[in-house]
Amino acid sequence: MKVSKLFFPFTVLFIILLITSACKRDKEHEFPFVPVSFTINIYTDPAFIMLQAQGNSQVISYYDLGYSSLGYGNNGVIIYNAGGGEFYAFDATCPYDLPEINAVELSEISGIAVCPKCKSRYVFPSYGMPTIAGPAVYPMHEYNAYYNQNTGDLTIRN
């Protein structure tokens, strides 16, 4: 039996195509882009003074800053003091049912937010990762947080 010279290259190409199509990746989670850029002072502004303590978190809403919007769906931004001059900032929108706009709420347990709709729980010290208690698999959307210990200025932006 004589095998064509074109058989081998076509076989290799077929195998490569078969392997690459079988290794399809799940579509990566995309959080809608919302421009966020603001600065607060945790030393001089009484509204944000509780952020001085390690482990405390606070939802910053557009009412607090007088902006027309803040965060996806105007849900605000959650700031968490991780200690040692490190702060995390998360969009207060639950990433589970996007593009629905469901705001998470701060839990009575420090460093945790809960979505009242899907019951997912997110842990701030773990970079906003969800726990196994709910259906969420993606972490909360994180913004950049820059802290100046000398002045108390905390700048949040993307």
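Readers should treat all values here as calculations from the given coordinates under stated rules, not as data from a laboratory. What you are looking at is a predicted structure, and each value in this text was computed from that prediction instead of being measured. Quick reminder, even Gly has a Cβ in these numbers, built from the backbone with ideal geometry, and neighbours come from all protein chains shown.
Numerical summary
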quantity: Rg over Rh [alpha-carbon atoms, Kirkwood Rh] for region 34-157; calculated: 0.95
quantity: Derived scalar couplings ³J(HN,Hα) [region 145-153; Karplus, 6.51 cos²θ - 1.76 cosθ + 1.60; whole Hz; x for Gly, Pro]; calculated: 10, 10, 10, 10, 5, 6, 9, x, 6
quantity: Restricting region 52-156 to trypsin sites (Lys or Arg not before Pro) in coil, as DSSP defines it, with at most 16 other Cβ within 10 Å; calculated: Lys117, Lys119
